[in-house]
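> Dumping the structure here so I can ask a few things about it.
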Amino acid sequence: MAAPAVRKLPQNFLWGFATASFQIEGSTNADGRGKSIWDDFSRIPGKTLDGRNGDDATDSYKLWQEDIALLARYGVKSYRFSLSWSRIIPLGGRKDPINPKGIEFYSNFIDALLANNIIPFVTLYHWDLPQALHDRYGGWLNKDEIVQDYANYAKVCFENFGDRVKFWLTMNEPWCVSILGYGRGVFAPGRSSDRTRSPEGDSSTEPWIVGHSVILAHAHAVKVYREEFKPRQGGQIGITLNGDWQMPYDDSPENVAAAQHALDVAIGWFADPIYLGQYPAYMQQILGNRLPQFTPAELAVVKGSSDFYGMNTYTTNLCRAGGDDEFQGFVDYTFTRPDGTQLGNQAHCGWLQDYPEGFRALLNYLWKRYRMPIYVTENGFSVKNESDKPKEVAVKDLERVNYYRGVTSNLQAAILEDGVDIRAYLAWSLLDNFEWADGYVTRFGVTYVDYNTQERIPKDSAMFIVKWFQDRTQPSEELPPSLKHLVA
Ligand code: GBH
């Protein structure tokens, strides 16, 4: 009997891997790059687990051709990476000079991707704000200034790369920018009310102010793109939000409500204004006048300002009402079910367990609520104590393979059985890399990086993903028609 035919994903489905500039590039002083807020923050003792910073990372500023060769070997359709604002405009602002070396670096990089038939998926902002803007006027805390400077930066990128880049992400994970940077103070710029952590900051107001600025900066960049570039360049532009599936701990009405409250604060905070035109009622209720209001003029720019739903997701939480954490909507998260069992396999990160059914549930929730095509722009797993293992053992990353096996089958079910419109799946990450406050201890790569030699070694999970998508998509020997003219 013949084996059943593998069911195909939609034509032009984009699959591949993702990274971010500060997590891989290193060379923080090269070719006129300005400082970003992560440069200084990661140097402060105690801010990263291993005391290390982004000066080397995976050395991708120097080894970029190796990275592209690796992507080509994997045969990916697309690669998601981010641009370093500080390489392009070292001081960040709209009146500050542009750095030709920064433009040249990314321009060459994009050309080389296209020459290998890899479609660039470009993030404009993955947390590395130019330090000068923070020092000059408070960065994201100063809405009027940052919106203009960010829109100008975005415009410089559209001008220089938009002939070749057809997929743009304005911002990566505004919840993390706001809450981790200005609430908990565990990410740059590290502001918090907790004076053991930070000499300044107000966790009760700043995260909500920052979130508002990020939404507006995103929306203004999209306006620039749609008015001045999209008619000629014809690409897609949107935002990407972090958000995990939130499941009630049990059937009690309080916990069912708690799961929705958790979704409202984790996702709705950004998605509701952008796709539906208002902050969630629950956020207005818990924050009162600490939540900024949109003026009608602002709302006109914000509503409808994303061509798709960009989804970064890693796990599922069981939700119980009555938590004291405002940043989680006063909802307690746990992985332990009422019967004492665990929801899934525990990752290296405390916040992450493997529960692939949650991935499908989240896709369905987002599709029903926002009705936008979904691009999964990050998804991944850190295996327990991977850094303690010899590399020949670490590359046999069965737990990560299991994670991706679960997720891909749920992805397929969401597309083919549930009818959710999903157009991309970009796994996090192409490489082990600088994992922010975790330093280099936590590894998310499908490729092992030996940080002494910068050698890259594919893990079993890379091979699993490559095979899975190759079996279900058209081979990527051809670019879509809109990009064909670019390669000789
Ligand atoms: C992504 O965020 C990032 O975009 C990426 O740069 C990063 O490398 C990747 O995750 C792996 O971590 O324990 O209370 O501080 C994922 C979303 C949201 C996951 C915050 C961790 C920690 C909450 N993150 N969450 S807390």
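> Which order do peptides 344-352, 432-440, 316-324 fall in by mean Cβ count within 10 Å, highest first?
In decreasing order of mean packing, 344-352, 432-440, 316-324 become 432-440, 316-324, 344-352.
> Considering only the other residues whose Cβ falls under 14 Å of the Cβ of residue 201, what net charge follows from Lys and Arg at +1 and Asp and Glu at -1?
0
> With the other protein chains left in place, how much accessible area per residue, in square angstrom, belongs to segment 320-404 at a 1.4 angstrom probe?
Normalised by residue count, the accessible surface of segment 320-404 is 43 Å².
> Taking 7 Å along the Cα-to-C-beta vector as the label spot, tell me the residue 163-residue 284 distance in nanometres, rounded to one decimal.
4.7 nm
> I would also like to ask the following. With the cut-off at 1.5 for a/c, could you classify segment 301-403 from its C-alpha gyration tensor as rounded, prolate or oblate?
Oblate, since a/c reaches 1.5 and b/c is not below a/b.
> Moving on to the next point. Rg/Rh for the chain to two decimals, with Rh computed the Kirkwood way over all alpha-carbon pairs.
Answer for the chain: 0.94.
> How compact is segment 51-104 by the rule of thumb for globular proteins, expressed as Cα Rg over 2.2 N^0.38 Å?
1.43
> May I pose another question? Label residue 357 and residue 450 with points 7 Å out from Cα along Cα→Cβ: what is the distance between them in nm?
With each label placed 7 Å out from Cα toward Cβ, I get 4.2 nm.
> If you don't mind, there's one more thing I want to ask. Quick one: P(r) of segment 10-127 from all Cα-Cα pairs, 5 Å bins, percents rounded to integers, in order of increasing distance.
Over segment 10-127, the share of Cα pairs per 5 Å bin runs 2, 11, 20, 23, 18, 13, 9, 4, 1, 0 percent.
> With both bridge residues required to lie in the chain, what share of the DSSP beta bridges run antiparallel, to the nearest 5%?
25 percent
> According to a simple spin-label model (label point 7 Å from Cα along Cα-to-Cβ), what is the distance in nm between residue 226 and residue 66?
Label-label distance for residue 66 and residue 226, simple model: 4.3 nm.
> Excluding residue 15 itself, what net charge comes from residues whose Cβ is under 14 Å from its Cβ, given Lys and Arg +1 and Asp and Glu -1?
Charge balance in the 14 Å sphere: +4.
> Accessible area per residue of segment 1-145 at 1.4 Å probe, in Å²?
I get 39 Å² per residue for segment 1-145.
> Follow-up question, since we're still on this one. Apply the Karplus parameterisation 6.51 cos²θ - 1.76 cosθ + 1.60, with θ equal to phi minus 60°, to every residue of segment 93-103 and state each ³J(HN,Hα) to the nearest whole Hz, in sequence, with x for glycine and proline.
Result, ordered by residue: x, 6, 9, 8, x, 8, 9, x, 5, x, 4 Hz.
> Sort 386-399, 182-195, 199-212 by packing, meaning the average of other beta carbons within 10 Å per residue, with the highest value first.
182-195, 199-212, 386-399
> Using a cut-off of 12 Å between beta-carbons, work out the net charge of the residues near residue 281 (Lys and Arg +1, Asp and Glu -1, residue 281 not included).
-2
> To the nearest 500 deg cm²/dmol, what mean residue ellipticity at 222 nm is calculated for the chain from DSSP H runs of n ≥ 4 alone, each contributing -39,500 (n - 2.57), summed and divided by the residues?
After summing the helix terms and dividing by residue count, I get -10000 deg cm²/dmol.
> Hey, which lysines would be in cross-link range of residue 230, C-alpha to C-alpha under 26 Å, not counting anything within fewer than 8 residues on its own chain?
Correct list for residue 230: 77, 95, 101, 143, 155, 166, 303, 484.
> Counting only protein heavy atoms and using a 1.4 Å probe, what share of the accessible area of segment 297-419 belongs to carbon plus sulfur, as a whole percent?
The nonpolar share, carbon plus sulfur, comes to 51 percent.
> May I ask you to give the percent of accessible area on segment 161-286 that is carbon plus sulfur, with a probe radius of 1.4 Å?
Carbon and sulfur together cover 51 percent of it.
The values are calculated or read from the model by the stated rules, or taken from the named source; none is laboratory data. Model, not experiment: these values are computed from the prediction. We place every Cβ from the backbone using ideal geometry, glycine too, and count neighbours over all the protein chains shown. When the accessible area is computed, the model is the full protein with side chains, heavy atoms only, and any ligands, DNA or RNA have been set aside. Shrake-Rupley method; radii C 1.70, N 1.55, O 1.52, S 1.80 Å.
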